[in-house]
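To keep things clear, I will list the structure first and then write my remarks on it.
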Amino acid sequence: MNKSSREVLTFEGGIHPSGDGKTLSSGSPIAVAPLLSKYQVVISENAGKPPKPVVKAGDLVKKYQLIAAADGFVSANLHAPTSGKVTGIVEVPGSMGIPVPAIEIEADGQDEAGETFPPIDWRNAAPADLLARIAAAGLVGMGGAAFPTHVKLSPPPEKKIDTLIFNGAECEPYLTADHRLMLEAPEQVLEGAAISGRILGVSNIYVGIEENKADAIEILGRRASEYGVKIAVLKVQYPQGSEKQLINAITGRKVPAGGLPMDAGCVVQNVGTAAATADAVVRGLPLVERVVTVTGEVVKKPGNWKLRIGTPVIRAIEFAGGVTEEPGKLILGGPMMGFAQKSFDVPVCKNTSGILLLPVSEALNYDPVGCIRCGRCVQGCPMHLTPCLLASAIEGERFDLAAQNHVMDCLECGSCAYVCPAHRPLVQHMRRAKAEIRKRKK
């Protein structure tokens, strides 16, 4: 379905959070963070199997050097963010609340680059060569899922892909990293999108952008046709950037229950991944840094920073001037789908899109009461589920009933919890049920 770039597209359901906090950082150009004396690069930064370290304590490394090799197909290479000495594999706070292993590098201050990949003329290169480069560069989905990019661009032969969509919606409140990237590196985004389209062999390539980012729509629109890319203008609606909602809004198709985007003939990537693809193919650079929004009402200078992987969150906050008062909550990602942290020492990873500090007044703990059957969660659910009934089944340990009512299709977007006047922990219920169902299947 060929949609006009002037038509505003959307999906059924969803919400629009009030006071989305984007103005705190949307006007701040991307700043390059200064070199640190130490980086702690988390080994498992990708969905799937973690890579295997190929360095040990005492080894000298250069920037871009391979420090952990992919261990299987669904795995991703890891490269050094700077030059220096490996001090060992250490335990650091993980973003999911448990300690994780990381390769610690003591920087030598020279930031000396090692050997990079030779540039590829992607317009004339074989798709297999482009795919191999993406795998070698350690690319993962940078919107949050961290799924290895080369895997996503390798659909099974029986899945006929005809449409490639890049998510530039950035519908999460507070986050503006993708917005700034589209404004400041539009050609990089478009070139990466075209490269991915060549790998998949598709001509329907879209970048979906919410209409509140008119400047990005205009800037990318100027040269999109040169790369065979179309700009799809989206309504400001959360979770507009979710894969299934993007597909529905742009193509009119619906991903079947329990299915994946490829079951609707589509592949969805993030615009940050597109830019990283151009870096890997055209400039020969592995993925060792990314743009991160550091923001919140208690941050002195909210903005967008190009941070190297392995940067401790506390240092990123220092780059933004520190805080004006004691924060009530630290979140990696946005307030809707991000994860609250218990340590400021957690390192930045390839999928860290935002560092959000909420004031105490915005981080209140509510006491839930019984469901009042108002139906707001049903109206807001973008997957057309019945969160109120699912939650009741889960509270009663009826995980079989939750499975029958498609709890596994829940996006965990938080729309239901956001609109619930009873302040019920609906997302936590869904996550619990999904974990229990997966455990029982094993």
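Go through (1) farther than 30 Å from residue 35 by Cα; (2) buried (at least 23 other Cβ atoms within 10 Å of the Cβ); (3) in contact (Cβ under 8 Å) with a residue 60 or more places away in the chain one by one and return the number of the condition residue 230 breaks.
(2)
Residue 82 passes all but one of (1) closer than 25 Å to residue 261 by Cβ; (2) touching a residue at least 60 places away in the same chain (Cβ under 8 Å); (3) surrounded by 20 or more Cβ atoms within 10 Å (Cβ to Cβ); (4) not charged (D, E, K, R); which number fails?
(1)
Let me confirm something: among 386, 352, 311, 324, which residue is touching a strand residue (DSSP E or B) at 6+ places or on another chain (Cβ under 8 Å), modelled with pLDDT of 95 or more and more than 30 Å from residue 276 (Cα to Cα)? Give the steps one after another, and end with the answer.
Working: 386 fails: touching a strand residue (DSSP E or B) at 6+ places or on another chain (Cβ under 8 Å); 352 fails: more than 30 Å from residue 276 (Cα to Cα); 311 fails: more than 30 Å from residue 276 (Cα to Cα).
Matching residue, one of 386, 352, 311, 324: 324.
List the strands (runs of 3 or more DSSP E) that sit entirely inside region 236-341 and contain at least 3 residues that are crowded, with 22+ Cβ neighbours inside 10 Å.
Details: elements: 266-270, 289-295, 303-308, 329-332, 339-341.
Passing ranges, in order: 266-270, 289-295, 303-308.
On the given criteria, is residue 22 of a type in the set (D, E, K, R) and either touching a helix residue (DSSP H, G or I) at 6+ places or on another chain (Cβ under 6 Å) or assigned by TED's automatic domain parsing to the domain that holds residue 205 (or both)? I'd like the intermediate steps shown before the answer.
Values: of a type in the set (D, E, K, R): yes; either touching a helix residue (DSSP H, G or I) at 6+ places or on another chain (Cβ under 6 Å) or assigned by TED's automatic domain parsing to the domain that holds residue 205 (or both): yes.
Yes; evaluated as a whole, the condition is true for this residue.
Between a first residue in region 403-425 that is more than 18 Å from residue 12 (Cβ to Cβ) and a second residue that is of a type in the set (Ser, Thr, Tyr) and assigned to a loop (DSSP other than H, G, I, E, B), which pairs have beta carbons less than 7 Å apart while being 6 or more apart in sequence or on different chains?
From residues that are more than 18 Å from residue 12 (Cβ to Cβ), the pairs are 405/386; 423/366.
Working carefully through the options 88, 84, 144, 138, find the one that is at pLDDT below 95 and on the phi > 0 side of the Ramachandran plot. Walk me through how you get there before you give the answer.
Values: 88 fails: at pLDDT below 95; 84 fails: at pLDDT below 95; 138 fails: at pLDDT below 95.
144 is the lone residue from the list that is at pLDDT below 95 and on the phi > 0 side of the Ramachandran plot.
For residue 117, indicate whether it is in a loop (DSSP other than H, G, I, E, B) and more than 30 Å from residue 338 (Cα to Cα).
Criteria met by residue 117.
Can you give me the number of residues within region 150-196 that are outside any loop (DSSP other than H, G, I, E, B), surrounded by fewer than 24 Cβ atoms within 10 Å (Cβ to Cβ) and among the small types (Gly, Ala, Ser)?
1
I need every pair where a residue in region 17-36 that is closer than 30 Å to residue 82 by Cβ has its Cβ under 7 Å from the Cβ of a residue that is among the small types (Gly, Ala, Ser) and in a loop (DSSP other than H, G, I, E, B), sequence separation at least 6 or different chains.
Between residues of region 17-36 that are closer than 30 Å to residue 82 by Cβ and residues that are among the small types (Gly, Ala, Ser) and in a loop (DSSP other than H, G, I, E, B), the close pairs are 35/109.
For residue 42, all conditions in the list (1) without any contact (Cβ under 8 Å) to a residue 40 or more places away in the chain; (2) crowded, with 22+ Cβ neighbours inside 10 Å hold save one; what is the number of the exception?
Only one criterion in (1) without any contact (Cβ under 8 Å) to a residue 40 or more places away in the chain; (2) crowded, with 22+ Cβ neighbours inside 10 Å is unmet by residue 42, namely (1).
When region 351-371 is examined, which residues are found to be surrounded by 12 or more Cβ atoms within 10 Å (Cβ to Cβ) and either aromatic (Phe, Trp, Tyr) or farther than 23 Å from residue 411 by Cα (or both)? Let's see the steps before the verdict.
First, the residues of region 351-371 that are surrounded by 12 or more Cβ atoms within 10 Å (Cβ to Cβ): 351-360, 362-363, 368, 371.
Hits for region 351-371 are 357, 358, 359, 360, 362.
The values are calculated or read from the model by the stated rules, or taken from the named source; none is laboratory data. Treat the numbers as computed from the prediction; the structure is a model and nothing was measured. All Cβ positions, glycine included, derive from the backbone under ideal geometry; neighbour counts span all protein chains shown.
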